[in-house]
């Protein structure tokens, strides 16, 4: 690794598993280069000698894996995770909701099922009293059985119904969720790739909008939020789309 410039290699032990790991710090392109070079070597190792699934990433919670981490202004940590948001631990979990808060498909259905009937019940009550939720807005309900303090329902745009403003409306939704978390003095929030599933907006548009909103939020000062988790279950596609260019750490 000595021939790779602008890259720092650190040896640590995982605070969660006590297993040894290597942390690569540097520009995204350099870290990706080293990951690609080390991949075949790690894959060639015997499973019973070196567990490659433990070396390849740092587990944040059961079933979910941190594939990358980077820092924004004043130490705001952003984690990119591959896994199931219903198993994610955070003060706030963000749901990809529709305007009726009818959690019948995609991420919304999964969160509602895992969280229990109170989520849909509170959602129905909200819509009854305040009406449909506008695209770009966010409302709060209980998280039920989910490992969060509150569930934030962010209404993202639907492909073909936003007049070409999908990216702007999605940025608004993410900003609303982040700002609401600030008002509620939360320390952590987990955000899925809103609108990229049943709503049909291209995943590249969604991920760009989410990253833009997160970076804008990260430029603010005196935040209560210290950790933002971007989570999806689409493997390498998630890494390629969610990771912005900049200082970046990859866990092995």
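The values are calculated or read from the model by the stated rules, or taken from the named source; none is laboratory data. Remember, predicted model here, so these are calculated numbers, not experimental data. Methodologically, a virtual Cβ is constructed for each residue, glycine included, from the backbone with ideal geometry; neighbour enumeration extends over all protein chains shown.
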Original post:
Got at least one residue in the stretch 182-194 being within 20 Å of residue 106 (Cβ to Cβ), in contact (Cβ under 8 Å) with a residue 12 or more places away in the chain and over 15 Å from the mean Cα position of the chain (by Cα)?
Top reply: no
Original post:
Do we have any residue at all in the stretch 52-71 that's within 21 Å of residue 149 (Cβ to Cβ), over 14 Å from the mean Cα position of the chain (by Cα) and modelled with pLDDT of 90 or more?
Top reply: no
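Conditions (1) part of a helix (DSSP H, G or I); (2) at pLDDT below 75; (3) outside the structural domain of residue 184 (by TED's automatic domain parsing); (4) at negative phi, marked per residue:
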{"site": "23", "(1), (2), (3), (4)": "no, yes, yes, yes"}
{"site": "26", "(1), (2), (3), (4)": "no, yes, yes, no"}
{"site": "29", "(1), (2), (3), (4)": "yes, yes, yes, yes"}
{"site": "34", "(1), (2), (3), (4)": "yes, yes, yes, yes"}
{"site": "41", "(1), (2), (3), (4)": "yes, yes, yes, yes"}
{"site": "100", "(1), (2), (3), (4)": "no, no, no, yes"}
{"site": "104", "(1), (2), (3), (4)": "no, no, no, yes"}
{"site": "111", "(1), (2), (3), (4)": "yes, no, no, yes"}
{"site": "118", "(1), (2), (3), (4)": "yes, no, no, yes"}
Original post:
Residues in the stretch 163-186: is at least one closer than 19 Å to residue 90 by Cα, outside any helix (DSSP H, G or I) and out of contact with any strand residue (DSSP E or B) (no Cβ under 6 Å at 6 or more places or on another chain)?
Top reply: yes
Original post:
Out of all the residues in the stretch 114-126, is one or more within 20 Å of residue 233 (Cβ to Cβ), in contact (Cβ under 8 Å) with a residue 24 or more places away in the chain and surrounded by fewer than 21 Cβ atoms within 10 Å (Cβ to Cβ)?
Top reply: yes
